[in-house]
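Chemist: Below you'll find the structure I mean.
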Amino acid sequence: RLHQEKKEESEEKQPAQPPQQPIYPVLAQPPQQQIQPQQGQQAQGPKPSYMSQDIQYPETALYKAAGLCVWRQKENGKGIQIMMGLEKRNNTLSFFGGKRDDIDKTCVDTAIREFHEETGKKLDDETLSQVRRMLINDKDRCVHWKAEWLSVLFYYQMSYDYDIVKDYSKNKQWNAEMKSLHWVDFERIYNSVCVTGNPIKIGKNKYGLRSFVVGTLLHEENRKYLLDLHMKHGGDANSVKPKYGGTIRNTIKSFKNIPKAVRLDVLNPITHTILYSKWMEMNITEIEDYQLFTSLVNSIAPEVGRNFMLYYTDNQYFKSSKKQSPIDTIPAFNNLTKELSAKKKQFVTKINVLPTFVVSDNFKGVSFSFKPKDVSWKQINPCNDDEKGGIMGSMYNKAANFAQA
């Protein structure tokens, strides 16, 4: 008994043994639940491109550029117009906008500052404050975030333009970025990007669109929003539709660089005017060979069958071109793709498709009527390395000479 009491007393004096530790403590721990952001807590990193009433965090902190698309209803009530500036640097039409500055606290600050500077600082502080309030609080406000460019584009309706366009020549500074300001009909901008690919004529000159404008209309959200505005304010749906069997260029969900495309211009074989255009959504320099290219042309414009000749012209208009590049052989196609690879800023390559045999049933709804004065007796002047100027060029000239005789 004495021995048992001493043993129990000894055990009471010893400290309690700690619980046994697992050999691999990390594996032994139960899996932790993933912490979800609570309501009001924003995720890190920019979101994909989106259209909304407001730009959210973290886009408000990450943006690098902001712009303003100013629009109004046309005076005749048939659609909308967009205020655009003709840039000095590259002679293209553009919205107003630029890079973020150190003095800018928000993307609204950047957009308004760039607009004020690029329009000759015509508006006073009170008017600019009104514009700011509309961009922030108007119930119909709309803004687009483009994730790949880290840019913000605000849309603003300016019912009265305070003679900004009219007086710009008097208000612009000596170092102004814009040569002139213009109200441009929306359907002309839309057709230039999505239907014809042609430059916009202002006065006697024609101007292309800045990549910022082209990229904006290639986004589905922007295109739909502007088309809805156009139709809501009396726009004609037929003015933004391709004629005959033409197609509209597709929208793209996300892109960093403006995607290149091919526009196929199907010509009237008698007058050499463009009947309609169809889009090939790919870069011609990435097409592997000549046979594949002609097969793609035939699949996109099946009405011409295999009875066509292909030409590339520098000035983009076959009828008025002085020299043509027939695409009729493998070397000719390879030379063309090599030439176009050097033109980094050419977003659209226009290829002339000249039918050599027309089956009227394949061209339903297309009129081939003409007047004698409209007949084109064009002499092909091929600009390639072939001494005979290409098989197709030689065949065309022989046929044209025979017909003219």
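Chemist: Two decimals is fine: what's Rg over Rh for region 155-287, C-alpha atoms, Kirkwood radius as Rh?
Modeler: Radius of gyration relative to Kirkwood radius: 1.00.
Chemist: Within a Cβ distance under 13 Å of residue 148, other residues only, what is the Lys/Arg minus Asp/Glu net charge?
Modeler: +4
Chemist: Round to a whole number: what % of the accessible area of region 198-306 belongs to carbon and sulfur, probe 1.4 Å?
Modeler: Its accessible area is 49 percent carbon and sulfur atoms.
Chemist: If the chain between residue 364 and residue 251 were fully stretched, how many nm would it gain, using 0.36 nm times the residue separation less the Cα-Cα distance?
Modeler: The residue 364-residue 251 span can extend by a further 38.0 nm.
Chemist: If you roll a 1.4 Å probe over the heavy atoms of the protein chains, what accessible area per residue do you get for region 259-372, in Å²?
Modeler: 47
Chemist: So, for region 104-172, what is the accessible surface per residue at a probe of 1.4 Å, expressed in square angstrom?
Modeler: Heavy-atom accessible area per residue stands at 49 Å².
Chemist: Okay, next question. Restricting attention to region 330-366, which chymotrypsin sites (Phe, Trp or Tyr not before Pro) occupy a DSSP loop and are surrounded by at most 16 other Cβ atoms within 10 Å?
Modeler: Counting only loop positions with at most 16 other Cβ atoms within 10 Å, the chymotrypsin sites (Phe, Trp or Tyr not before Pro) in region 330-366 are 357.
Chemist: Also, I was wondering about something else. Give me the net charge of residue 271's neighbourhood, meaning all other residues with Cβ under 11 Å from the Cβ of residue 271; Lys, Arg count +1, Asp, Glu -1.
Modeler: Value of the local net charge: +3.
Chemist: Can you tell me which of 209-221, 281-293, 95-107 comes out highest on packing, and rank the rest after it, using the mean Cβ neighbours within 10 Å?
Modeler: The packing order, highest mean first, is 209-221, 95-107, 281-293.
Chemist: Still on this structure, I have one more. Per residue of region 223-238, in order, report the coupling 6.51 cos²θ - 1.76 cosθ + 1.60 (Karplus, θ = phi - 60°) as ³J(HN,Hα) in whole Hz, putting x for Gly and Pro.
Modeler: Coupling constants for region 223-238: 4, 5, 5, 5, 5, 5, 4, 4, 6, 5, 9, x, x, 8, 5, 5 Hz.
Chemist: Count neighbours as other Cβ atoms within 10 Å of each site's Cβ, and list the trypsin sites (Lys or Arg not before Pro) in region 294-349 that are DSSP loop with at most 15 such neighbours.
Modeler: 306, 319, 322, 323, 343, 344, 345
Chemist: Turning to a different aspect of this structure: Tell me, what is a quarter of the convex hull surface for the C-alpha atoms of region 246-316, in nm² with one decimal?
Modeler: Averaging across all directions leaves 5.8 nm² for the Cα convex hull.
Chemist: Which pairs, out of 74/344; 88/204; 241/322; 241/350, put more than 25 Å between their alpha-carbon atoms?
Modeler: 74/344; 241/322
The values are calculated or read from the model by the stated rules, or taken from the named source; none is laboratory data. For clarity, every value in this text was computed on a predicted model and none was experimentally measured. A quick note on method: Cβ atoms are made from the backbone with ideal geometry, for glycine too, and the neighbour counts reach across all protein chains shown. Accessible surface is based on the protein model in full, side chains and every heavy atom, while ligands, DNA and RNA are left aside. Shrake-Rupley method; radii C 1.70, N 1.55, O 1.52, S 1.80 Å.
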